Each structure stands twice: as C-alpha cells, then as structure tokens.
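Just below is one structure, and these are the notes that go with it.
The values are calculated or read from the model by the stated rules, or taken from the named source; none is laboratory data. If you're wondering where the values come from, they're calculated on a predicted model, not measured in any experiment. Here the Cβ positions follow ideal geometry from the backbone for every residue, glycine too, while neighbour counts run over all protein chains shown.
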Amino acid sequence: MLALIAAVTVLDQAVKWWAWRHVPWARINAGGDMLVGRTIGAWYGAPVTGALLDLVDFAVLSIAVSVLARSRVPANVRVPGALVGGGWGSNLLDRLGVHYWTAPGSVRGAVDFIHIGGHYYNVADFFIIGATPLFVLAAGYYGVRAVARRGRTRPAAPPARGRSRVRFPVIAGVVLTLVVALGAANYGGVAAASCLSARQDGGTAGQGAAAALSAC
C-alpha cells in the first residue's frame with residue numbers, strides 16, 4: 001500500500017511540475033467541486049477555514065489508510081484503496097505547501113491542467129475517480145461474502161467485534177467517497193500559469209500584458 005501511494009504521489013507531483021511550466025491553461029484549484037457548491041469551495045479558498053479543512057482532510061485520510069492497512073483484506077481491496085489514498089494525498093500535499101515547488105508563485109491549491117468539458121483535472125483526480133468505485137465495490141463484496149461465510153459456519157450471530165472488523169473496509173470506502181467530494185476536482189480556479197506569465201511580463205510588454213494581468 002505504501003509503495004502504491006508513494007508511486008501515485010511522485011507521478012502526480014512530477015506531472016504537475018511539468019504542466020505548470022509547459023501547459024498555458026494550467027490553473028490552481030482552491031478546493032471544492034460541483035457536489036458541494038461554491039460555498040464550501042469558498043471555505044477551502046479562504047486562509048483560515050481552508051487550513052482547518054485541510055487538517056480535517058489529513059486526519060480522515062490518515063485514519064482511512066491506517067484502517068485499511070490494518071484490516072485483513074485481499075489485494076482487490078487494498079490496491080484500489082491505495083490508489084485512491086495516493087491521489088487524494090497528492091492533492092492534499094499541494095494544499096499543504098508542495099505547490100510552492102510544483103507551481104512557484106501560485107496561490108495555495110492543486111495544479112489542474114487536463115481540460116475536459118467545463119472542468120479541469122490532474123492525474124491524481126483520475127486515480128481518485130477511477131479507483132474509488134472499484135474500491136467501494138470490492139470492499140462491499142468482500143464484506144458481504146465474509147458475513148455470509150460466518151453465517152454458514154456459525155449458527156449463532158457473529159460477535160460484535162467480528163462484525164466491526166468485517167465492516168472496516170466498507171466504512172473506510174464510504175468515508176473516502178464522501179471526503180473525496182470535498183477535494184477531488186476544483187469548482188473554479190484561483191490562479192493560472194498564464195496569469196503568472198502576464199505578471200512577470202507586465203512591466204516590459206506594454207498594454208497587452210497589462211490587460212492579461214487585469215483579466216487574471
């Protein structure tokens with residue numbers, strides 16, 4: 001799990017570093033998405049509430065990864081769970097300060113550069129979007145099968161401790177799914193690579209750069 005999380009994080013951060021320097025439409029996510037609306041998105045973008053929400057996200061991610069790592073589950077649960085954790089963790093690292101390396105001169109947030117429809121995404125978002133349904137389905141199937149197996153081998157109901165152990169992967173999947181809605185894709189950008197270029201060129205390029213800077 002740790003190896004997969006590290007691999008996803010390194011890959012995503014490296015691509016974000018490249019995109020901020022070479023993709024003109026790269027932009028910064030302050031947080032929030034279409035599921036939570038502009039109000040919570042504004043909370044993520046604010047200095048105080050954004051930092052508090054980042055801490056909450058970090059706590060939830062740590063608990064979910066710890067529960068998944070300690071649970072006795074097969075690889076078809078661990079692998080997608082690790083991919084989701086890696087994607088979410090990489091975006092969270094951006095908000096915790098890594099964006100100063102991937103996108104120097106930008107505001108706090110994750111670098112999005114894959115433009116699909118009216119939204120922008122990054123590599124971590126696709127790990128989250130693709131692996132979350134797989135994780136929830138695998139964890140749910142494993143949990144139901146484990147409960148059914150216990151019911152066949154034991155005439156009495158399994159003890160509460162056993163049921164809790166079986167439900168851990170499912171609970172972790174539900175928690176990840178809910179919290180991913182707060183951090184996967186951005187609802188509106190705060191800054192863009194083109195804005196940074198306009199700011200750097202504003203003093204020497206004349207009215208064109210000044211107009212671009214004012215639009216940012």
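Look through ALA6, ALA69, ALA51, ALA14 and report the one residue that is over 30 Å from ARG145 (Cα atoms), at pLDDT below 90 and assigned to a helix (DSSP H, G or I).
Details: ALA6 fails: at pLDDT below 90; ALA69 fails: over 30 Å from ARG145 (Cα atoms); ALA14 fails: at pLDDT below 90.
From the options ALA6, ALA69, ALA51, ALA14, the qualifying one is ALA51.
Here's the yes/no breakdown for (1) assigned to a helix (DSSP H, G or I); (2) out of contact with any strand residue (DSSP E or B) (no Cβ under 6 Å at 6 or more places or on another chain); (3) within 19 Å of LEU11 (Cβ to Cβ):
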| site | (1), (2), (3) |
| --- | --- |
| ASN91 | yes, no, yes |
| VAL107 | no, no, no |
| ILE129 | yes, yes, yes |
| PRO133 | yes, yes, no |
Any residue at all in segment 100-107 that's on the phi > 0 side of the Ramachandran plot and loosely packed, with under 15 Cβ neighbours inside 10 Å? yes
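Do you know which of the residues in segment 75-98 that are of a type in the set (D, E, K, R) and over 11 Å from ASP57 (Cα atoms) is surrounded by the fewest Cβ atoms within 10 Å (Cβ to Cβ)? Break it down stepwise before answering.
Within segment 75-98, the subset of a type in the set (D, E, K, R) is 78, 94-95.
Among the residues that remain, those that are also over 11 Å from ASP57 (Cα atoms) are: 78, 94.
Numbers: ARG78: 19, ASP94: 27.
Result: ARG78.
Can you say whether VAL60 is among the β-branched types (Val, Ile, Thr), at pLDDT below 85 and in a helix (DSSP H, G or I), as far as the supplied structure shows? Explain how you work it out, then say what you get.
On the way: among the β-branched types (Val, Ile, Thr): yes; at pLDDT below 85: no; in a helix (DSSP H, G or I): yes.
No; evaluated as a whole, the condition is false for this residue.
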